[in-house]
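Only one structure is covered here, and it is reproduced in the block below.
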Amino acid sequence: MTTDWTLESLLELIRGFQPACIVAAAAELDLFSFLEAEPMEASALADVLHADPHGLRVLLDALAALTLITKQEQGYSVTGPVKSLLSRDTDTSILHGVQHLANCLRSWSQLAHTVKTGQMFERSPSIRGARGDTESFIGAMQIFTRHDIASNITRLADIRFTHLLDIGGASGNWTVGFLESRPDAKATLFDLPQVIPLAESHLAQCHMADRVHLVSGDYNTDTLPAGADLVWLSAITHQNSRPQNRALFTKIQTALCPGGSLVIRDIVMAPSRTTPAAGALFAVNMLACTQGGNTYTLNEYQEDLEEAGFTTIELCFQDEGMNSLIRATKA
C-alpha cells in the first residue's frame, strides 16, 4: 500500500468498497451457481431468484464489467476459475467464505457508529436467514483453514496426546486433522448447539464419527468437558475480550488433565499493535463484528494464561496471520 497519498490514490482506496459489495451481493444471491450450467437471460434468472428484474440486470452488467461473468446474446454465464470458486457445489468453492465476508461488510459499514458509541451495530440476518448465516460462517472457517491444518499439526509434532478437546471446533476440520496424525487418539468437539449437526455431518463424511464425542454448549456459560490432555483453541481468543479469555483459560485449566497442554492458534500482535498489518485490520473486524473481541500481544496472552494457572508458556510459531501458535502447560 502506498504511503505517498494523492487525491486519486486516496479516492481509489475508498471506492474499493464498490466491487466488494457487488461480489458480496452476487454471492448472497448465489447467482453464480445458477449461471454455471448454461447462459440465462436476466429476466429468467430474476424469476428463479425471486429478485427485482431491473436491479438484477444492473448487478449482472456490473459483474460482467468486472469480468467475473460474461454477457453474450444468449444471456449471462459464468465459466473458468470464477465458476470453480463461486459456484455452490465445486470442491474448490469459496462461496461460504464470501457470504460470511458479506455479513462482515454490513458491520464494517457501521464502523463510525461502533467507534462513537462503543457498541457493536446490531445487524439483522442476511437474505439467507439466521440458519443460512450460521452455515456460511462454519463453511467459511473450513475454507479459511483447510490449507493450514497439516502444516500447523506438523509444527506441533512434539506434543503427544490421547484425548483432544477442540473448543469451538465448528465442523471438525481441525479435529479430523489431529486424529489423522494420531490414529490411537480420540477427541471431544465442543460448540454451540446449532453447530453440532454440521459437525456431525462432516465427521461422518470423514469416517471419524466413532472417534469424536460431540458436546453442545457455550464456553462462556457452561462447564467444559473434562479429561483431555490437549486442548485446541483455534481462532477463538480474538472473538473475546481479555476478561472473557481469562475466564475461558481458567475453565480450560480446570478441565485439562495434569501435565496437559493448551494450544492457542491466533494472531499475535507486536507490542506496538500496528504490526502485523493484517492483525491491525483484523482488530477492526472484531470491533465491528463482536462485542469485545480484539487481537492480542504475546505479553497479554502470557499475563492472562498465568493468571489462569498455566505454566511454561511459549510461542511455538509466529506468522503474519492467524497461524501463530502459543502453548501453555498445566502443572
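Annotations
- Using θ = phi - 60° in the Karplus curve 6.51 cos²θ - 1.76 cosθ + 1.60, the 3J(HN,Hα) couplings for segment 253-266 round to 4, 5, 6, 5, 5, x, x, x, 10, 9, 10, 9, 10, 5 Hz; x is entered for Gly and Pro.
- Lysines whose Cα lies under 23 Å from that of LYS71, excluding same-chain neighbours fewer than 8 positions away: LYS83
- Basic side chains Lys and Arg get +1 at the Cβ, acidic Asp and Glu get -1 at the Cβ, and with that the dipole of the chain about its Cα centre reaches some 520 debye.
- Bridgeable aspartates and glutamates around LYS116 (alpha carbons under 12 Å apart, same-chain partners fewer than 8 residues away excluded) are absent.
- The Cβ shell under 14 Å around HIS163 holds other residues with a net charge of +2, Lys and Arg each +1, Asp and Glu each -1.
- Under the Karplus curve 6.51 cos²θ - 1.76 cosθ + 1.60, θ = phi - 60°, whole-Hz ³J(HN,Hα) for segment 112-128, x wherever Gly or Pro sits: 4, 4, 5, 5, 5, 9, x, 10, 4, 5, 7, 8, 8, x, 6, 5, 8
- PHE317 long-range amide H proximity, modeled H, under 5 Å: LEU325
- Legend: ranking of residues TYR219, TYR301 from fewest to most surrounding C-beta atoms inside 10 Å; resulting order TYR219, TYR301.
- Pair THR117, ASP61: separation of 7 Å Cα→Cβ label points (nm): 3.7
- The helix-based estimate of mean residue ellipticity at 222 nm for the chain, built from -39,500 (n - 2.57) per DSSP H run of four or more residues and divided by its residue count, is -14000 deg cm²/dmol to the nearest 500.
- Cut-off under 5 Å, modelled amide H: who pairs with ALA270 long-range: THR275
- Along segment 69-76 the Karplus relation, 6.51 cos²θ - 1.76 cosθ + 1.60 evaluated at θ = phi - 60°, assigns HN-Hα couplings of 9, 10, 10, 10, 4, 7, x, 9 Hz to successive residues, with x for each Gly and Pro.
Rule-based calculations on the coordinates, nothing more; no lab input. Computed from a predicted model, the values in this text were never measured in an experiment. Please note: Cβ atoms are built from the backbone with ideal geometry, for glycine as well, and neighbour counts cover all protein chains shown.
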